[in-house]
Amino acid sequence: MNRRGFGLGINRRENMKNHIELTHSWKQTANIAIVALEAGTSEGKAIARAEIRKMSEILDEINATAKNEA
């Protein structure tokens, strides 16, 4: 990586000015993962599995917190 940003000749600071934050809902993320598992490349399938595991860990933490607060 060079000083101009990831070796692509893009100034990182300029790129951040044009950054748009996109956050998927749980439902959207699940649907994307399903498509990746059904029709994705081996890399896409691996990413989908990792995302599903990550989602389950987050939801387990939320459930544990809710149980402890009840």
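Miscellaneous remarks
- Matching residues, segment 39-58, being without any contact (Cβ under 8 Å) to a residue 12 or more places away in the chain, in a helix (DSSP H, G or I) and in contact with a helix residue (DSSP H, G or I) (Cβ under 8 Å, 6 or more places away or on another chain): Gly44, Lys45, Ile47
- Cβ-Cβ contacts under 7 Å between residues 6 or more apart (or on different chains), taken from a first residue in segment 19-38 that is open to solvent by less than 100 Å² (accessible area, probe 1.4 Å) to a second residue that is of a type in the set (A, V, I, L, M, F, W, C) and in a helix (DSSP H, G or I), are listed as Thr29/Met55; Ala33/Ala48; Ala33/Ile52; Ala36/Ile47; Ala36/Ala48; Leu37/Ala48.
The values are calculated or read from the model by the stated rules, or taken from the named source; none is laboratory data. All figures in this text were calculated on a predicted structure; none of them were measured in a lab. Every residue, glycine among them, receives a Cβ derived from its backbone with ideal geometry; neighbour counts consider all protein chains shown. Note: areas computed on protein heavy atoms with side chains; ligands, DNA, RNA excluded. Shrake-Rupley method; radii C 1.70, N 1.55, O 1.52, S 1.80 Å.
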